[in-house]
Each structure stands twice: as C-alpha cells, then as structure tokens.
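Only one structure is covered here, and it is reproduced in the block below.
The values are calculated or read from the model by the stated rules, or taken from the named source; none is laboratory data. Worth saying up front: this structure is predicted, and the values here are computed from it rather than measured. With ideal geometry, Cβ positions are generated from the backbone for all residues, glycine too; neighbour counts draw on all protein chains shown.
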Amino acid sequence: MKERCWLLLDDGVIEVSNKSENGFSFDPEEFHDVLTNHKVLGIIHTHEKNCAPSIHDIEGMMWWNFPWIIMAPTCIKGYILDLGVKEININPFFLEMLKDLFMKLSD
Ligand SMILES: [Zn+2]
C-alpha cells in the first residue's frame, strides 16, 4: 500500500499528494500552497507495518522541525527531533481523530 500523508493544521488536517513510491514525499506545489495559507503544526503519514521512523523520515525531520506522526495498523506514534529522535505523547482527543482518519483509509 502506498503511504499517505497529511499536514496537521490548527483547524484540522489536509491530505497532500505523495510523490514517492517507497516512503513519502509531499508534492512540492501542494506542500508550499498549504504552508503559505495555513498554520502547519505537524506532519502525519502512514506506514504499512510499524511506527518506527525510517532513515528518510529522520532526514525529513531535520528539514521540517514539526512533530511527526506515524500511523500503522497497530500503532500511532508521534516524534520530534531534539538531540535525537524522541517519542512524544499525542493528545487523546487528537489520537481519536487520527484513529478515525486511519480507519477510513481501509474502507
Ligand atoms: Zn515514514
């Protein structure tokens, strides 16, 4: 399954096209458009199997120093880069929203 990716905004989430076939990479124009028109609070993407950030994700975190949220069938985890990759707690309300979002993908 191709990874899906979203930007977390102060008023919801917005899906951005994934230009990568193995991993994810935001469509640059869509990404730029969202960045200029919204307040971006985080980056969300899916993994097929687990929630561990890939090397590519960690590189991305160096460029885009937002909280990164990874969703997979058995987990939803948040990370920040702060002298290494650190797991962060996800607000329970937001976690419910993410679960709904992920469930809808498999419909
Ligand atoms: Zn990833």
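Some observations on this one:
- Residue within region 89-101 that is within 14 Å of the ligand (Cβ to nearest atom) and not in a helix (DSSP H, G or I) present: no
- Residues that are surrounded by 14 or more Cβ atoms within 10 Å (Cβ to Cβ) and not polar (S, T, N, Q), drawn from region 1-18: Glu3, Arg4, Cys5, Trp6, Leu7, Leu8, Leu9, Val13, Ile14, Val16
- Within the set Lys77, Lys86, Lys19, the sole residue that is in contact with a strand residue (DSSP E or B) (Cβ under 6 Å, 6 or more places away or on another chain) and free of Cβ contacts under 8 Å to residues at least 12 places away in the same chain turns out to be Lys86.
- Residues within region 63-88 that are modelled with pLDDT of 95 or more and in a helix (DSSP H, G or I), tallied: 0
- Scanning region 44-55 for any residue that is within 15 Å of the ligand (Cβ to nearest atom), surrounded by fewer than 17 Cβ atoms within 10 Å (Cβ to Cβ), part of a helix (DSSP H, G or I) and among the hydrophobic types (A, V, I, L, M, F, W, C) turns up at least one such residue.
- If you check Met71, Met61 for being in contact with a Ser or Thr (Cβ under 6 Å, 6 or more places away or on another chain) and within 13 Å of the ligand (Cβ to nearest atom), only one passes: Met71.
- Met1 away from the ligand (no atom under 16 Å from the Cβ), at pLDDT below 95 and outside any strand (DSSP E or B): no
- Gly23 falls short on exactly one of the conditions (1) assigned to a loop (DSSP other than H, G, I, E, B); (2) more than 12 Å from the chain's Cα centre (by Cα); (3) within 11 Å of the ligand (Cβ to nearest atom); (4) modelled with pLDDT under 95, and that condition is (2).
- From the list Leu95, Leu9, Leu83, Leu41, the lone residue that is touching an Asp or Glu at 6+ places or on another chain (Cβ under 7 Å) and hydrophobic (A, V, I, L, M, F, W, C) is Leu41.
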